[in-house]
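K.L.:
Let me give you the structure first, and then I'll get to my questions.
The values are calculated or read from the model by the stated rules, or taken from the named source; none is laboratory data. The model shown is predicted, which means the values in this text are computed figures rather than measured ones. Cβ: placed from backbone, ideal geometry, glycine included. Neighbour counts: every protein chain shown.
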Amino acid sequence: MVSVASPAPKPGPEAPAIQRFGFLLVPNFSLIALGSAVDPLRLANMVLGRRLFDYVTLGLTDDPVLSSDGLRMVPDQRMGETSQFDAVFVVGPNPIPRQGLADITRWLRLLAGQGVALGGIDTGCYFLAKAGLLDGYRCTIHWEDRATLQAEFPDLPVSTRLFEIDRDRYTCSGGVSPLDLMTFLLRRPPGNRELAQQVSDLLVSYQRSPEDNQTLPLRYRYANIPAVLLEALEIMEINIEEPLSPGEIADYVRISRRQLERLFTDHVGLSPARKYLEIRLAHARRAVLRTNRRIEDIAAGSGFVSSAHFIARYRAAFGKTPQSERLALLAANRHPG
């Protein structure tokens, strides 16, 4: 836990109560997401000149917790040692584990029964869903894991937004999005808009809206390329399972196939077919590494006519077969170095 300079004042008749936050670190948690969640609270205390926001890290045991970066963090407390929190956030791992969740589920349900606000950071949303604590709530998760969450919990309203605040459930997508979630929460009592703005200024950041999406539109990812080429790329990203031919794409964007080929060569450095394959393989690789779907199903869902063709293309692009890369990731997570 990052320490703060000012000691806690003795509560007075008008002094707001200290808000206490807990961050549950699941092994392989995102270190950047944790820092992005904690630092706004530290800076809020600094701006106020006193400790109004307290925060601790929690582990499943007292042992150091391995982050996805390979760095280990010694938790301040063990999960279940106390439930005296105003809010508890699960800082989720990559990939999402499928076993060993019972203790987390029980504790989250206990907290919910006591009226503690609950949040999920990065894949932390999955743990709330597994505990049945997101039924009837809007939520979000990292865009790479959205399909996994929806497949297991099809009734959950899962958005593509940076973060969601729905009553006493707070979820965000990971990366640096906790900065946006926490500074937005600082607008609420005992904080206010001015405090949130000052914290954002110190972070050399700006407060992104809950309406903002996680991924940038293509027009921002591909700068200074013709609108017709953006349209062609959007068509490719939408049509993964049943790929279109370059001629069909050219027809959709109302240019000749030769013009399409030239535009891709000049602005992307690849032919339309090669770029399309790259998009489909990236989609497939996310499914290989972040879901338990069968390789055959991933191949079909990524527009490949056979598993053999898919595996050959995958090995050529990434140096390993889908199955060997998946097994290597599982082994690394079971036996971290």
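K.L.:
Quick check on this structure: which one of Leu281, Leu289, Leu244 is over 25 Å from the mean Cα position of the chain (by Cα) and under 30 Å from Leu149 (Cα atoms)? Explain how you work it out, then say what you get.
P.N.:
Values: Leu281 fails: over 25 Å from the mean Cα position of the chain (by Cα); Leu289 fails: over 25 Å from the mean Cα position of the chain (by Cα).
After ruling out the rest, the residue left standing is Leu244.
K.L.:
Same structure, new question: Considering only segment 233-250, state which residues are at pLDDT 90 or above, among the β-branched types (Val, Ile, Thr) and assigned to a helix (DSSP H, G or I). Walk me through how you get there before you give the answer.
P.N.:
We begin by selecting, within segment 233-250, every residue at pLDDT 90 or above; these are 233, 235-236, 239-250.
With among the β-branched types (Val, Ile, Thr) added as a condition, the list becomes 235, 240, 249.
Selection gives Ile235, Ile249.
K.L.:
Condition first: closer than 11 Å to Leu281 by Cβ and part of a helix (DSSP H, G or I). Now tell me which residues in segment 300-322 satisfy that.
P.N.:
Initially, segment 300-322 is screened for residues closer than 11 Å to Leu281 by Cβ, giving 302-304, 310, 313-318, 322.
Within segment 300-322, Phe310, Arg313, Tyr314, Arg315, Ala316, Ala317, Phe318, Pro322 qualify.
K.L.:
Limited to segment 194-212, what total is found for residues that are at pLDDT below 90 and surrounded by fewer than 15 Cβ atoms within 10 Å (Cβ to Cβ)?
P.N.:
Counting residues in segment 194-212 that are at pLDDT below 90 and surrounded by fewer than 15 Cβ atoms within 10 Å (Cβ to Cβ) gives 5.
K.L.:
Across segment 17-55, what is the number of residues that are touching a Ser or Thr at 6+ places or on another chain (Cβ under 9 Å), of a type outside the set (Ser, Thr, Tyr) and not in a helix (DSSP H, G or I)?
P.N.:
Number satisfying all stated conditions: 11.
K.L.:
List the number of the failed condition for Arg167; all other conditions in (1) touching a Phe, Trp or Tyr at 6+ places or on another chain (Cβ under 8 Å); (2) within 30 Å of Ala332 (Cα to Cα); (3) surrounded by fewer than 15 Cβ atoms within 10 Å (Cβ to Cβ) hold.
P.N.:
Here Arg167 meets the rest and fails (2).
K.L.:
Report yes if some residue within segment 95-102 is assigned by TED's automatic domain parsing to the domain that holds Asn192, modelled with pLDDT under 95 and assigned to a helix (DSSP H, G or I); otherwise report no.
P.N.:
Within segment 95-102, one or more residues are assigned by TED's automatic domain parsing to the domain that holds Asn192, modelled with pLDDT under 95 and assigned to a helix (DSSP H, G or I).
K.L.:
Mind listing whichever residues of segment 167-191 are over 28 Å from Pro95 (Cα atoms) and touching a residue at least 60 places away in the same chain (Cβ under 8 Å)?
P.N.:
Within segment 167-191, Leu186, Pro189, Pro190, Gly191 meet the criteria.
K.L.:
Another question, then. Of the numbered conditions (1) over 21 Å from Asn28 (Cβ atoms); (2) crowded, with 22+ Cβ neighbours inside 10 Å, Phe127 satisfies every one except a single condition; which is it?
P.N.:
Every listed condition holds for Phe127 apart from (1).
K.L.:
May I pose another question? When you go through Asp145, Asp166, Asp155, Asp180 one by one, which is the residue that is modelled with pLDDT of 90 or more, of a type in the set (D, E, K, R), assigned by TED's automatic domain parsing to the domain that holds Ser36 and farther than 30 Å from Leu48 by Cα? I'd like the intermediate steps shown before the answer.
P.N.:
Numbers: Asp145 fails: modelled with pLDDT of 90 or more; Asp166 fails: farther than 30 Å from Leu48 by Cα; Asp180 fails: farther than 30 Å from Leu48 by Cα.
After applying the criteria, what remains is Asp155.
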